[in-house]
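J.: Before I ask anything, here is the structure I am working with.
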Amino acid sequence: EEKYPKFNPFHCLVLALRDNRGKIFTKVLPKFLSKINQNQRFGDSSDTLLHKAAKNRRVKMLRQLMEAGFDVNAKDVYGVTPLTGIVIVASTGICGDGCGAQILSELLSSKSIDLDIAVEGIENSKAIDYLDDKTCPHVRKLVEQAYSRDTFRKKLEKRKEQKASEVPSKQEGVFESESDQTVSSSKDENKICWSCSVDPDQVTLFRCKGCKVAWYCGDKCQEFDWPVHGPWCERKRNKREQKRKARAEEALTQTRMPEVFYDLD
């Protein structure tokens with residue numbers, strides 16, 4: 001900053017994205033995060049840093065921006081989000097610097113991603129509406145799975161709202177405490193095949209050993225859903241392993257014998 005006062009951290013990050021300088025990007029982003037305006041735009045299309053990372057296929061840099069809290073639903077001057085932009089490029093049949101499947105996986109793994117955002121002033125302009133015959137098959141699969149799961153999620157939420165609005169019938173001598181209701185709902189709210197949405201009443205469901213949250217009716221559904229579920233599942237499993245190791249180390253330090261021994265009387 002002192003040597004090049006006009007060359008601010010934002011422009012430094014833009015150049016690092018363009019030239020694929022991962023070490024510089026990793027060093028600058030956390031150091032100047034508080035000084036960077038996350039809504040700042042760059043170029044004729046008014047791209048955010050997330051747009052730049054997506055367009056240049058910088059998977060690790062995109063992940064760092066998302067972890068830093070950058071808005072995955074930000075729009076450029078044309079009203080296009082990073083997600084929609086990747087799908088539009090994929091529909092041209094030209095992958096450019098690489099397939100956008102990895103970028104899409106990262107964007108879709110965000111809990112705050114909004115699949116219902118459309119380009120302003122254009123009908124039928126959600127990300128899924130830009131899929132066509134020329135779209136990369138990997139991108140098509142990811143987008144269709146994401147929208148399918150989003151539909152199932154909305155159905156589950158609607159079902160939960162309906163159950164919550166229903167007045168429970170009270171039978172004499174039969175009562176259920178609030179804590180029991182909470183435990184029951186927390187166990188059943190995710191118990192539906194995350195790929196085909198089949199209910200547990202119809203088939204036997206199996207829980208994913210990685211995240212221990214998702215449910216599937218078989219290997220085929222799990223394999224079909226893995227491009228979307230995989231990145232989130234790996235992060236969930238890694239966090240659980242880190243907590244397990246931390247607890248084991250803590251227990252070891254508590255039971256470890258002192259290094260210094262004294263003579264017996």
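J.: What is the gain in length, in nm to one decimal, between residue 243 and residue 122 on full extension, counting 0.36 nm per residue of separation less the C-alpha to C-alpha distance?
T.: Length gained, residue 243 through residue 122: 38.8 nm.
J.: By how many nm would the segment from residue 112 to residue 209 grow when fully extended, if each residue of separation counts as 0.36 nm and the alpha-carbon distance is taken off?
T.: That pair, residue 112 and residue 209, stretches by 32.4 nm at full extension.
J.: Once you've got the Cα coordinates, tell me which of 52/75; 23/75; 126/154; 155/236 are over 20 Å apart.
T.: 23/75; 155/236
Every number here is computed from the coordinates shown, using simple stated rules; none is lab data. Fair warning: this is a prediction, and the values are worked out from it, not measured in the lab.
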